[in-house]
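The values are calculated or read from the model by the stated rules, or taken from the named source; none is laboratory data. Model, not experiment: these values are computed from the prediction. Using ideal geometry, Cβ is built from the backbone for each residue, glycine included, and neighbour counts are taken over all protein chains shown. When the accessible area is computed, the model is the full protein with side chains, heavy atoms only, and any ligands, DNA or RNA have been set aside. Shrake-Rupley method; radii C 1.70, N 1.55, O 1.52, S 1.80 Å.
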Amino acid sequence: MTVFKVFLVLAIALLAALLGTLIASDAGYVVVGFQGWEIATSVWAAIAALLVLAVLVYSTMKLLNLMWLRNSKIADWFSAKRTLNSQRQTLQAIEEETNGNTVEAVRLLVAAGQQSPNPILHFLRASELASRIGAKDKAEELRLDATKLGDNELSVFKRLNDALELMGRQDKRQGLRALRRLLEDHPRCAPALLTLVRHCHDVEDWVGALEYLDVLSRLSFVADEEIYELLVTSWIGRIRQADPLAVSNVWHAVPRKMKQEPGVLVVYVDALREKGDLDKAIHELERSINRRWDRQTVLAYGLVDGNAEKQLTTAEGWMKEHADDATLHLTVGRLHRRLGKNEDARSHFERSVSLDGVLDAKLELAELHIESGEIQEANDVLARLKQDLSTN
């Protein structure tokens, strides 16, 4: 209640008390005259008549409002007119924003919101634009106007923005607590989920990221491609973070589709190599390569220090369909080198370099030249490698 209303109520109460005192001491009577006619009655009867008249007038106005303003064609016309004006002003605001006149766009959005049947979006968009140009006080005022509309979702919006502002002021601890409390009350708040997923990635909390992504992936807030990338990053981090002895349990929890992602598989293979389970690593890579050809997994295949003869036989079998694949030639060359067949390895390294200029193949080739005492040839390869690195 405003100060003016408080004074008004006090003034009415004072006048009522004064009038009541006068009537109690000497009620007197009231004479009403009109064109020669006079009506005399007591003050109490006059007051009662005025009260009855006020009630009748109020009831009549309410009835007219119900019948005329709400249910009549006139009310529909007025409503349609306000909606049309709101749409027109919204379009003008979009045009002004496009032309760079953000201040006018804010004014038009506020005016459109005042005539719109759903003004919340207008006020929130105007608040966003005001914040963009640095008018923080105006932006806060518009956000408060939106929250006053009483929409339950706006409390979520306000709590989310307060939490994000805390994080933006380098007070991440309080901001994160606010986001988690918000999710306790509204577990499907997608912006809060996405913010926490990215925070988990920053601090390498891969388990937390996957838990939040499990909910976020069922909402339509983020594109499927972005969700997939977040999941790939999370699972790669989760596998790398796992103890080598428990990595198989983590791999069992990875979704089937994600297991076919080369980046995820290669990280799992690296964990198996660290664990010493080379046969399992080779088996996983061969199954993946036979299902879908991918250079990343082919490259990893040549780095697994297993049974080189069996690996070479398998890799040479892939040569029938991928004879011009630079990565496969690099892998076959590495397998030949492990078996001591340096000339065959050199041939495949040179072929890999000629096909795609793979940097690893150039390094392998330079090492072979050095082992053979061909220092000048090694220097030539390294010079070309240095030139490639400087241009990339």
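Which of the residues that make up segment 89-107 are hydrophobic (A, V, I, L, M, F, W, C) and open to solvent by 50 Å² or more (accessible area, probe 1.4 Å)?
Correct list: L91, I94, V103.
Restricting segment 43-65 to residues that are of a type in the set (A, V, I, L, M, F, W, C), modelled with pLDDT of 75 or more and under 56 Å from the mean Cα position of the chain (by Cα), which is most open to solvent (accessible area, probe 1.4 Å)?
Top of the filtered list is M61.
Got at least one residue in segment 324-335 being open to solvent by 70 Å² or more (accessible area, probe 1.4 Å) and either free of Cβ contacts under 8 Å to residues at least 60 places away in the same chain or touching a helix residue (DSSP H, G or I) at 6+ places or on another chain (Cβ under 9 Å) (or both)?
yes
Report the residue count in segment 302-343 for those that are of a type in the set (A, V, I, L, M) and either within 14 Å of D279 (Cα to Cα) or in contact with a Lys or Arg (Cβ under 7 Å, 6 or more places away or on another chain) (or both).
Total meeting the criteria: 3.
Considering every residue within segment 308-318, establish whether at least one is in contact (Cβ under 8 Å) with a residue 24 or more places away in the chain, buried (at least 23 other Cβ atoms within 10 Å of the Cβ) and closer than 25 Å to H369 by Cα.
Yes, because at least one residue in segment 308-318 is in contact (Cβ under 8 Å) with a residue 24 or more places away in the chain, buried (at least 23 other Cβ atoms within 10 Å of the Cβ) and closer than 25 Å to H369 by Cα.
Report whether or not L339 is under 47 Å from the mean Cα position of the chain (by Cα), within 30 Å of N307 (Cα to Cα), at pLDDT 80 or above and not polar (S, T, N, Q).
Considered against the rule, which asks whether it is under 47 Å from the mean Cα position of the chain (by Cα), within 30 Å of N307 (Cα to Cα), at pLDDT 80 or above and not polar (S, T, N, Q), L339 comes out as no.
If you take the residues in segment 110-123 that are assigned to a loop (DSSP other than H, G, I, E, B) and surrounded by fewer than 17 Cβ atoms within 10 Å (Cβ to Cβ), which one is farthest from the chain's Cα centre (by Cα)?
Filtering first and then ranking leaves P117.
So which residues in segment 239-254 are under 18 Å from G208 (Cβ atoms), open to solvent by 50 Å² or more (accessible area, probe 1.4 Å) and in contact (Cβ under 8 Å) with a residue 24 or more places away in the chain?
Hits for segment 239-254 are R240, Q241.
I need the helices (runs of 4 or more DSSP H) fully contained in segment 124-238, keeping only those with at least 3 residues that are open to solvent by 60 Å² or more (accessible area, probe 1.4 Å), of a type in the set (D, E) and out of contact with any strand residue (DSSP E or B) (no Cβ under 6 Å at 6 or more places or on another chain).
Helices (runs of 4 or more DSSP H) meeting the threshold: 136-147, 152-168.
Hey, can you tell me all the residues within segment 354-374 that are in contact (Cβ under 8 Å) with a residue 24 or more places away in the chain, of a type in the set (V, I, T) and assigned to a helix (DSSP H, G or I)?
Answer for segment 354-374, where residues must be in contact (Cβ under 8 Å) with a residue 24 or more places away in the chain, of a type in the set (V, I, T) and assigned to a helix (DSSP H, G or I): there is none.
For the subset of segment 95-109 comprising residues that are more than 11 Å from A126 (Cα to Cα) and assigned to a helix (DSSP H, G or I), which member is nearest to the chain's Cα centre (by Cα)?
Of everything passing the filter in segment 95-109, T98 is nearest to the chain's Cα centre (by Cα).
Select from segment 274-306 the residues that are out of contact with any Leu (no Cβ under 8 Å at 6 or more places or on another chain), closer than 24 Å to A246 by Cα and either touching a residue at least 40 places away in the same chain (Cβ under 8 Å) or acidic (D, E) (or both) and list them in ascending order.
Passing the criteria: E274, D277, D279, E286.
Looking at the structure I just gave you, is V269 at pLDDT below 90, open to solvent by less than 20 Å² (accessible area, probe 1.4 Å), in contact with an Asp or Glu (Cβ under 9 Å, 6 or more places away or on another chain) and not acidic (D, E)?
no
Among the candidates S86, S127, single out the residue that is modelled with pLDDT of 80 or more, touching a Lys or Arg at 6+ places or on another chain (Cβ under 7 Å) and either of a type in the set (S, T, N, Q) or over 30 Å from V215 (Cβ atoms) (or both).
S127
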